[in-house]
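Engineer: Encoded as C-alpha cells, here's the structure I'll be asking about.
Taken together, the values in this text are just the output of simple stated rules run on the coordinates, not laboratory data. Here the structure is a predicted model, which is why all the values come from computation and not from measurement. For neighbour counting, all protein chains shown are included, and Cβ atoms are generated from backbone atoms with ideal geometry for every residue, glycine included.
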C-alpha cells in the first residue's frame with residue numbers, strides 16, 4: 001500500500017472520529033438558573049412523544065456515527081498492519097542498505113503511531129552457510145532492525161526478535177534471485 005493511501009485512510013478515520021466528538025460535544029448544555037423567588041412548586045413539563053422520539057433518534061444517530069468511526073479506525077489499523085515492508089539485506093551482511101533503511105523507517109513510523117502493538121522481527125537468511133552461522137546472521141539482522149526502531153522512538157518493550165536462519169525461505173529457488181528474497185527481516189504484528 002502506498003504511503004499516500006495509508007495517510008488518506010488515517011486522515012479519513014481521524015475526521016470521522018472528530019465528527020463523532022463534535023456531535024457528542026454539541027449536546028445542549030444547561031446553564032444554572034437562579035431559583036425563583038416565589039416558592040410555589042412548578043411542575044416540570046413532561047416530554048411529548050415527539051420530543052422523546054427525536055431524542056431517541058439523536059442518540060441512535062450518535063451511536064451509529066460512533067460505531068462507524070470505530071469500524072473505520074479498525075480498518076485503518078488493519079491496513080497499517082498490512083503495510084509492513086520487508087527489510088532486505090546484502091549477502092553475509094546485517095547492516096541496513098539505503099532501500100532497507102527506507103523500509104525500516106516507514107515501518108517504524110507506522111509502529112510508533114500504533115504504540116499498543118507488539119512487534120516481532122523475524123531474521124532470515126539464504127541457504128548458503130552453515131545452519132549455526134545463518135541462525136546467528138538472522139539474529140544480527142533482526143537486532144539491527146530492532147535497534148533502528150528503538151532509535152526511531154518505538155518502545156523497546158513492545159519489540160521482540162527471532163532468527164529462523166535459512167529454515168523459512170521466501171523463495172525456494174537456488175539462485176541469486178531467490179537468495180536475495182531470502183536475506184530479509186520480516187515485521188509481524190502480534
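Engineer: Report the label-to-label distance for residue 133 and residue 92 in nanometres (one decimal), using points 7 Å from each Cα along the Cα→Cβ vector.
Structural biologist: 0.7 nm
Engineer: Whole number please: convex hull volume per residue of the Cα set in segment 87-189, in Å³? Don't skip to the answer; put the middle values down first.
Structural biologist: Numbers: hull volume 8.4 nm³, N = 103.
Once divided by residue count, the hull of segment 87-189 is 82 Å³.
Engineer: Counting other C-beta atoms within 10 Å, which of 90, 175, 155, 126 has the fewest, and how do the rest follow? If you can, show how the numbers build up before the last one.
Structural biologist: Values: 90 12, 175 8, 155 15, 126 25.
So the ranking, lowest neighbour count to highest, is 175, 90, 155, 126.
Engineer: Continuing with the same structure: Determine the percent antiparallel among the DSSP beta bridges restricted to segment 87-189, to the nearest 5.
Structural biologist: Details: 8 of 14 bridges.
For segment 87-189, the DSSP antiparallel bridge percentage is about 55.
Engineer: Please find the FRET efficiency linking residue 190 to residue 102, where r is the Cβ-Cβ separation and R0 is fixed at 25 Å, and quote it to the nearest 0.05. Don't jump to the answer; show the numbers that get you there.
Structural biologist: Working: r = 24 Å, r/R0 = 0.96.
It comes to 0.55.
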